[in-house]
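Student: Dumping the structure here so I can ask a few things about it.
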């Protein structure tokens, strides 16, 4: 009886910590989006390149404007390197947050070789297979889509959802498709075969009007 009671307390404590983590992550994502909007307002030109856009966003905005967090790029994590690794600097617990970035364009939106496919296979799926993972066992991560061509973002999210059904069908149960849950924050949820429940947040940042002109 005592062991069951202790286990129940541990479970409640974990759920509380996870909810607090989710709240903090969403607030952080809002701050990140504010900085993207400032970058856009400043008319900063960016290359049509995932790392180039990320570097400008992190170095010139996030690291300078968001207090209490340390932002690292290309941080080694388990089997790969995550695009943005974030650690709090204002608490002893120092929870970490992981964000993977991907370019999105207007090509082959529901095909297996387009950017939407890469967003799923080299982004979402890498969290679900724990190619990247946080050591807190909360299974909550985020993706940022760098949109580099004129597209209808809502329609493109529907395309990503349709393609996810094909690409992730044998890997996980998609318990929630990518859905708008807060201002500029989308959420999807997954249940893996070993019963781990994942949440992935998504932000779409439109850089199609801020690209450096390519010299032909």
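Bear in mind these aren't lab numbers, they're just calculated from the coordinates by the rules spelled out. Please read these numbers as outputs of a predicted model, since none were measured by experiment.
Student: Can you list, largest first and rounded to whole Å, the semi-axes you get for the range 28-148 by taking the square root of 5 times each eigenvalue of its Cα gyration tensor?
Tutor: Over the Cα atoms of the range 28-148, the semi-axes work out to 23, 21, 10 Å.
Student: Which semi-axis lengths, in whole Å and largest first, follow from the square roots of five times the eigenvalues of the Cα gyration tensor of the chain?
Tutor: 30, 22, 14
Student: Hey, another quick one. How far, in degrees from 0 to 90, does helix 2-41 lean away from the longest principal axis of the Cα atoms of the chain, to the nearest 10?
Tutor: Once rounded, the angle reads 10 degrees.
Student: Angle, helix 153-167 long axis vs. longest principal axis of the chain, Cα atoms, 0 to 90°, nearest 10?
Tutor: 60
Student: On to the next question. Consider just the alpha-carbon atoms of the range 126-185 and return their Rg together with their Dmax, both in angstrom.
Tutor: Values for the range 126-185 (Cα only, Rg and Dmax): 13.3, 38 Å.
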